[in-house]
């Protein structure tokens, strides 16, 4: 789909339609044009999904991941310069095994293993390029066992 720029008011009486979902079935370096604003359905249990480098032109771009094939060693990565801020809530059946995790200042990878770090089918992660070098993450990760942080340094 081509990019369109509007200058001035735009009226849609019936909404705008955009491509619905993109299935990620192998390691993928995401692009703004092909992946931003779309639902990214992860169908690779040990996939490595690399976010684009944040530039002034793509601040505000959103990447929504929904796990379809349960993770075994699935990573969402930045370019190494960009870092994560925000929260990932990992829950495991009962409240006693649920916890919110905040990434450390140097964390640039989010790993899901299908158990303690979340990543069972239905897990959802929303990532927004909020500023140069900062990706905001909001995750609702389903797992099992004693939960652990999904954030780390690559």
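The values are calculated or read from the model by the stated rules, or taken from the named source; none is laboratory data. Predicted, not measured: the structure shown is a model, and the values here were computed from it. Virtual Cβ from ideal backbone geometry, glycine too; neighbours counted across all protein chains shown.
Here is a check on your reading of the model: is residue 26 over 16 Å from residue 138 (Cβ atoms), free of Cβ contacts under 8 Å to residues at least 24 places away in the same chain and over 13 Å from the mean Cα position of the chain (by Cα)? Yes; evaluated as a whole, the condition is true for this residue. Checked against the criteria, residue 63 counts as at pLDDT 95 or above, surrounded by 15 or more Cβ atoms within 10 Å (Cβ to Cβ), assigned to a strand (DSSP E or B) and in contact with a helix residue (DSSP H, G or I) (Cβ under 8 Å, 6 or more places away or on another chain). Entry remark, the stretch 103-116: residues being in contact (Cβ under 8 Å) with a residue 40 or more places away in the chain, assigned to a loop (DSSP other than H, G, I, E, B) and either surrounded by fewer than 18 Cβ atoms within 10 Å (Cβ to Cβ) or touching a strand residue (DSSP E or B) at 6+ places or on another chain (Cβ under 7 Å) (or both) number 5 in total. Within the stretch 32-52, the set of residues being within 13 Å of the chain's Cα centre (by Cα) and either in a loop (DSSP other than H, G, I, E, B) or without any contact (Cβ under 8 Å) to a residue 24 or more places away in the chain (or both) comprises 36, 37, 38, 47, 51, 52.
I'd like to check something: does the stretch 127-142 contain any residue that is touching a residue at least 24 places away in the same chain (Cβ under 8 Å), out of contact with any helix residue (DSSP H, G or I) (no Cβ under 6 Å at 6 or more places or on another chain), over 23 Å from residue 37 (Cβ atoms) and not in a strand (DSSP E or B)? Within the stretch 127-142, not a single residue is touching a residue at least 24 places away in the same chain (Cβ under 8 Å), out of contact with any helix residue (DSSP H, G or I) (no Cβ under 6 Å at 6 or more places or on another chain), over 23 Å from residue 37 (Cβ atoms) and not in a strand (DSSP E or B).
Looking only at the stretch 117-126, residues that are more than 10 Å from the chain's Cα centre (by Cα) and not in a loop (DSSP other than H, G, I, E, B) come to 1 in all. Would you call residue 91 in a strand (DSSP E or B) and more than 21 Å from residue 153 (Cα to Cα)? Yes, satisfied.
The combined condition, being under 22 Å from residue 45 (Cα atoms), in contact with a strand residue (DSSP E or B) (Cβ under 8 Å, 6 or more places away or on another chain) and either touching a residue at least 60 places away in the same chain (Cβ under 8 Å) or assigned to a loop (DSSP other than H, G, I, E, B) (or both), is fulfilled by residue 149. Among residues that are surrounded by fewer than 22 Cβ atoms within 10 Å (Cβ to Cβ) and either in a strand (DSSP E or B) or at pLDDT 95 or above (or both), residue 81 is included.
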